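The values are calculated or read from the model by the stated rules, or taken from the named source; none is laboratory data. Keep in mind that what you see is a predicted model, and the values were worked out from it rather than measured. As a convention, Cβ positions derive from the backbone with ideal geometry for all residues, glycine included, and neighbour counts pool all protein chains shown. Please note that ligands, DNA and RNA were not included when accessible areas were found on the heavy atoms of the full protein model with its side chains. Shrake-Rupley method; radii C 1.70, N 1.55, O 1.52, S 1.80 Å.
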Amino acid sequence: MRKKIVAGNWKMNLNRSEATELINTVSEHLSGDIQDRHIWIFPPFPFLTDAVRKTAGTPIKVGAQNCSMYTSGAYTGEVAADMIASCDAELVLVGHSERRQYFNESNLVLTEKINQALGNNLCPVYCVGETLEERQGGKVEEVIEKQLVQALYHLSAEKLQQVVIAYEPVWAIGTGETATPDQAQEVHAFIRKVLADQYGEEVANEISILYGGSVKPANAEELFAMNDIDGGLIGGASLKASDFIAIFNAL
Ligand code: 13P
């Protein structure tokens with residue numbers, strides 16, 4: 001079922017008391033019934049259990065920013081999907097461009113992470129997006145298609161429907177430069193087309209596709225108004241409760 005979602009990716013920010021304060025403020029300001037909208041947060045690993053506890057009884061769902069491609073064992077420093085699920089977190093980001101760029105995560109590694117997430121009943125938020133160089137070289141569709149095909153096409157239609165996709169153009173992340181609503185819509189429609197080619201239109205229409213990259217209260221509404229944009233994955237602005245809530249209210 002295609003959901004409307006605003007998700008906050010905190011990245012490697014905040015200490016434990018700052019994290020607690022942010023969660024408290026966001027939950028206090030979520031007024032009344034949020035109807036069919038969803039609000040998700042992705043704190044760093046050490047704060048997952050705190051976040052799950054503090055959001056109990058609120059509509060906020062909690063996820064991790066990464067998981068291991070392995071199930072368990074001698075992989076020092078890694079965190080398994082099963083561990084995340086056992087903390088009652090429900091979601092996990094897979095393939096954020098910062099993981100691809102700085103930690104060399106390939107589409108093939110990400111295939112394993114998607115399988116680990118789904119195998120542990122976590123909803124994977126699979127991130128795709130092109131660099132500025134790729135955009136300028138006219139390669140947007142080629143890059144995005146490869147990211148989708150290599151990491152997702154092995155899934156059954158039923159499993160695919162448990163995945164959320166985030167389109168995050170690398171050139172728009174943390175730069176203050178946002179894709180225009182038309183630019184973002186064009187890629188979101190393309191993502192849906194690539195999924196429809198393999199799974200049919202009905203399935204593709206059920207997948208939530210979020211936009212990420214310098215979303216702010218000032219530009220959220222026009223982005224979320226586009227046909228194929230089902231919400232946002234927010235970095236910097238998710239660290240400020242009032243901005244995050246304002247973006248959520250734009251849904
Ligand atoms: P910014 O909103 O800071 O550009 O980050 C977007 C992002 O990477 C979310 O995952």
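Overview of values
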quantity	calculated
Qualifying helices (runs of 4 or more DSSP H) (wholly inside segment 108-217; at least 3 residues being aliphatic (A, V, I, L, M))	140-152, 181-199
Condition broken by LEU195, with the remaining ones in (1) crowded, with 21+ Cβ neighbours inside 10 Å; (2) within 16 Å of the chain's Cα centre (by Cα) satisfied	(2)
Among residues of segment 100-145, those that are surrounded by fewer than 21 Cβ atoms within 10 Å (Cβ to Cβ) and in contact with a Ser or Thr (Cβ under 6 Å, 6 or more places away or on another chain), counted	0
Of the criteria (1) surrounded by fewer than 17 Cβ atoms within 10 Å (Cβ to Cβ); (2) modelled with pLDDT of 95 or more, which one PRO59 fails	(2)
Boolean, LYS216 is surrounded by fewer than 19 Cβ atoms within 10 Å (Cβ to Cβ), on the phi < 0 side of the Ramachandran plot and within 15 Å of the ligand (Cβ to nearest atom)	yes
Within segment 156-202, tally of residues that are in contact with a Phe, Trp or Tyr (Cβ under 6 Å, 6 or more places away or on another chain) and over 24 Å from ALA117 (Cα atoms)	2
Segment 225-242, residues that are more than 10 Å from the ligand (Cβ to nearest atom) and in a helix (DSSP H, G or I)	ALA241, SER242
Top-ranked residue of segment 198-213 - restricted to ones that are open to solvent by less than 10 Å² (accessible area, probe 1.4 Å) and not aliphatic (A, V, I, L, M), ranked as farthest from the ligand (Cβ to nearest atom)	SER208
Filter result for GLU222 (surrounded by fewer than 20 Cβ atoms within 10 Å (Cβ to Cβ), away from the ligand (no atom under 16 Å from the Cβ), farther than 21 Å from ARG135 by Cα and not hydrophobic (A, V, I, L, M, F, W, C))	no
LYS159 being open to solvent by 60 Å² or more (accessible area, probe 1.4 Å) and touching a Leu at 6+ places or on another chain (Cβ under 6 Å)	yes
Residues of segment 1-16 that turn out to be in contact with a Leu (Cβ under 9 Å, 6 or more places away or on another chain) and either polar (S, T, N, Q) or within 16 Å of the ligand (Cβ to nearest atom) (or both), as a count	9
Output for segment 146-156, where each listed residue is surrounded by 15 or more Cβ atoms within 10 Å (Cβ to Cβ) and farther than 17 Å from GLU105 by Cα	LEU155
